[in-house]
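Report on the following structure.
The values are calculated or read from the model by the stated rules, or taken from the named source; none is laboratory data. For clarity, every value in this text was computed on a predicted model and none was experimentally measured. No Cβ is skipped: glycine too gets one built from the backbone with ideal geometry, and neighbour counts run over all protein chains shown.
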Amino acid sequence: MRRRAVREAALAYAMVLPAFAAFVVFVFYPLAKTVDLGMYRVPPFPGLPSKFVGLSQYASVLSHSQFLAPLWNSTLFVLFTVPTGIVIGLAMAVVAHRELVGIRVFRTIFSSTIATSVAVASVIFFTLLDPTTGLFAYWIGQRGGTGILGNPTWALPAVAVVSIWQNLGFSFILMSAALASVPDDLMEAAAVDGASGSRRFFRVTVPLISPTLFFAAIIGVISGFQTFGQIDLLTAGGPNGHTNVLLYQIYTVFYENADTGTASVMAVALFVILVVLTLVQFAFVHRKVFYAGEG
Amino acid sequence: MPARVRTALRYTVLVAIALVVLFPIYITVVNALLPAETIARRPPTLFPLHPDWHSFSLAWSEGNLGDYLRSSVVVTFSITLAEVTTSVLAAYAFTFLDFPFKRVLFALCLATLMVPAEVTIIPNYRTIQVFGWFDTYPALIVPFLASGLGAFPSRQSFRQLPRELRDASVLDGYGHWRFLARVVVPLNRAMIGAFAVFSFLASWNQYLWPLLVTNTAARRTVQVGLRQLEGLNADQQNVIFAGTVLAALPIFLTLFIFQRQLVRGLTAGAVKG
């Protein structure tokens, strides 16, 4: 009997080993190492050794505008993209919810941006917003000069619009699935009670799909704070740092300035932000499982 | 409002939204088929009467799209296969086997979900240098051999199999490997398929990591390759547009075939029931 238990354990370890080998080398070790690297100040001239300065580098970097400004830009970006993306996705799902002849074609079109990537969308819009040749630049009257992506006020909103468009397909799919889960008899009962269309929507549908709305919001915020490709391809953080979001700043400080210490401190800060958001999401998933079990 | 007017109104709204959503994609395809000097002409040409396919072969060869796509295919298929395999194996152990530190290890597996790859790029970049993997396939693949995202839902779904199935398979003389291959995987193929499509899409769309660890056309993935393409001159805009079409096409086709799995994968955990 004991030999069987030993053999079972050996088999189990063999089965989890591939996953854990990868986790140890590329997740746990680098996470700890990032925290550690944040305690070493990298000298401005290459070749000199890094100096251990402990937590003081965390204090100095996190209170400095080179961190706070990108953090603010990331926050603005999230505020621009997340609520708008959810509302538009939901509106599209409502319009496409009713069965009509040919509705499947419209649903496929509405989901179609899921097949683009951040890079594909960014390169398309970059070219269409080109101040001398771009069609969109022509339509919005941004011809000549720096164009909208070089405009300090409008560059970040423009990047946000590209992201919202790229995300529409995902938002639409998510919201459609949520609407499909609302029981028809509930809507009929509300209709029989004399509730008007908009009243039914806000009093019955929205509360019922609120878990999905919340999920979409959290996912949106999490991915918003990890925004990188759009910035790299559309504005490179410019003009004058107005679209320099947190992850882009980490990339610049690490890859271009080779300041590993400062970049690591910022990476740890990004990690803490994302952990808090993920924990909120986990708490929500647990609640959802509980409700589903009850029903 | 009479029903017929309402229906007409509904279609009007549907068509209007479809136009807005689709226009950037449409104009990309149109511009890819126009001669470069026509693209900047106003009013714009919205339909290519004499499509010029030359831009696609230029994007493929001189734009290196052929190389980029090959890298992306190699990397994406490797990661998807590896993630599905490691996730299924780990989930099987966590569901059907008993071993010391099982709960701790499972908690660690879940904990990886809180560490997005973006956070650990700095030490991982150094690790790749130390291994001598810069600008190689292993640099693009090995860091993503496993995903906590797979092990967790796999275990949730494996646990729903009735316990009697395992007991019956033991009576039939099935060992664990045979039970896994003949019973667990086939019965969970919907969930595994959904995860595979999700994993495929996520690795195909990776941008920051491939940007960091590659520097030649032979290894750059297509997403990073687009960055090179974006730098082309205005007189080659048709090539830029053709390149984005080539970059997006494999995913359009994949998603068209695997629509159901995709919707399942994307909405898992988001919608009740």
- Given the conditions (1) surrounded by fewer than 20 Cβ atoms within 10 Å (Cβ to Cβ); (2) over 24 Å from B:Thr45 (Cα atoms); (3) out of contact with any Phe, Trp or Tyr (no Cβ under 7 Å at 6 or more places or on another chain); (4) more than 12 Å from chain B (Cβ to nearest Cβ), every one holds for A:Pro157 apart from (3)
- Message: I'm checking my understanding of the structure. Among residues of the range A:21-41 that are crowded, with 20+ Cβ neighbours inside 10 Å and closer than 17 Å to B:Gly150 by Cβ, which one is nearest to the chain's Cα centre (by Cα)?
- Response: A:Val27
- Message: Within the range B:200-207, does at least one residue satisfy the condition of being among the hydrophobic types (A, V, I, L, M, F, W, C), farther than 30 Å from B:Asn124 by Cα and in a helix (DSSP H, G or I)?
- Response: no
- Task: Go through A:Gly150, A:Gly134, A:Gly145, A:Gly169 for me and flag whichever is on the phi > 0 side of the Ramachandran plot and either touching a strand residue (DSSP E or B) at 6+ places or on another chain (Cβ under 7 Å) or not aromatic (Phe, Trp, Tyr) (or both).
- Result: A:Gly145
- Message: Any residue at all in the range A:125-136 that's closer than 18 Å to B:Gly243 by Cα, among the β-branched types (Val, Ile, Thr) and part of a helix (DSSP H, G or I)?
- Response: yes
- When the range A:189-243 is checked residue by residue, the ones that are assigned to a helix (DSSP H, G or I), farther than 21 Å from A:Gly89 by Cβ and modelled with pLDDT of 90 or more are A:Ile231, A:Asp232, A:Leu233, A:Leu234
- Item | the range B:186-220: number of residues that are without any contact (Cβ under 8 Å) to a residue 40 or more places away in the chain, out of contact with any helix residue (DSSP H, G or I) (no Cβ under 7 Å at 6 or more places or on another chain) and within 24 Å of A:Leu247 (Cα to Cα) | 1
- Note on the structure: Wholly inside the range B:1-120, helices (runs of 4 or more DSSP H) that include 3 or more residues that are touching a helix residue (DSSP H, G or I) at 6+ places or on another chain (Cβ under 8 Å), modelled with pLDDT of 90 or more and away from chain A (no Cβ under 13 Å) are B:54-61, B:65-96
- Query: Here are B:Ala194, B:Ala248: which of them is crowded, with 21+ Cβ neighbours inside 10 Å, modelled with pLDDT of 90 or more and in a helix (DSSP H, G or I)?
  - Reply: B:Ala248
- Query: So, of the residues in the range A:244-262 that are of a type outside the set (A, V, I, L, M, F, W, C) and outside any helix (DSSP H, G or I), which turns out to be modelled with the highest pLDDT?
  - Reply: A:Asn244
- Query: Which of the residues spanning the range A:229-252 are among the aliphatic types (A, V, I, L, M), more than 10 Å from chain B (Cβ to nearest Cβ) and either in contact with a Cys (Cβ under 6 Å, 6 or more places away or on another chain) or touching a residue at least 60 places away in the same chain (Cβ under 8 Å) (or both)?
  - Reply: A:Ile231, A:Val245
- Note on the structure: Subset of the range A:205-242, residues over 22 Å from the mean Cα position of the chain (by Cα), within 17 Å of A:Val87 (Cα to Cα) and either hydrophobic (A, V, I, L, M, F, W, C) or surrounded by 13 or more Cβ atoms within 10 Å (Cβ to Cβ) (or both), comes to A:Thr205, A:Val206, A:Leu208
- Tell me, please, whether a residue that is at the interface with chain A (Cβ under 9 Å from one of its Cβ atoms) and farther than 29 Å from A:Ile173 by Cα can be found in the range B:184-203. no
- Task: Can you confirm whether the range A:32-55 contains a residue that is free of Cβ contacts under 8 Å to residues at least 40 places away in the same chain, within 30 Å of A:Thr235 (Cβ to Cβ) and either hydroxyl-bearing (Ser, Thr, Tyr) or within 14 Å of chain B (Cβ to nearest Cβ) (or both)?
- Result: no
- Note: among B:Leu211, B:Leu232, just one is crowded, with 18+ Cβ neighbours inside 10 Å and over 22 Å from the mean Cα position of the chain (by Cα), namely B:Leu232
- Message: Of all residues being outside any helix (DSSP H, G or I) and farther than 21 Å from B:Phe195 by Cβ in the range B:121-150, which is farthest from the chain's Cα centre (by Cα)? Just the residue, please.
- Response: B:Gly132
- Message: Only one of A:Phe110, A:Phe106, A:Phe80 is within 7 Å of chain B (Cβ to nearest Cβ), assigned to a helix (DSSP H, G or I), surrounded by fewer than 23 Cβ atoms within 10 Å (Cβ to Cβ) and modelled with pLDDT of 90 or more. Can you tell me which?
- Response: A:Phe106
